[in-house]
Amino acid sequence: MAMRNKTSLAEAMSKTTTKVLVNNKIGVDKNSEAKKIIITVSPEAHYQFKKLSVEERSQIQTLAKEALNDLFVKYKLPPIA
């Protein structure tokens with residue numbers, strides 16, 4: 001039985017298109033070059049972050065970008081998140 005060549009993850013990801021839901025219509029994400037950042041936090045920090053999101057009526061991603069931009073400014077870098 002011959003082994004088939006597997007596609008690398010990077011190659012497979014480059015062939016995918018990110019779909020988003022905008023105004024109840026599925027479209028292609030215009031910012032498909034965006035990268036994800038995954039962090040591990042304590043359950044308490046996770047709860048607090050979700051609670052803040054609800055209280056501020058803001059998406060977690062929006063708050064995370066705000067925090068990342070604040071970090072960039074702290075280190076005298078442009079806030080580009």
- Task: Using only the alpha carbon atoms of segment 36-81, find the Kirkwood hydrodynamic radius as the inverse mean reciprocal pair distance, in angstroms to one decimal.
- Result: 11.5 Å
- Take a quick pass over segment 36-81 and tell me how many lysine pairs come in under 21 angstrom between Cα atoms, counting only ones 8 or more apart or on separate chains. 6
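Computed from the coordinates by the stated procedures, all read-outs in this text should not be read as laboratory data. Keep in mind the model is a prediction, meaning the values are calculated, not measured.
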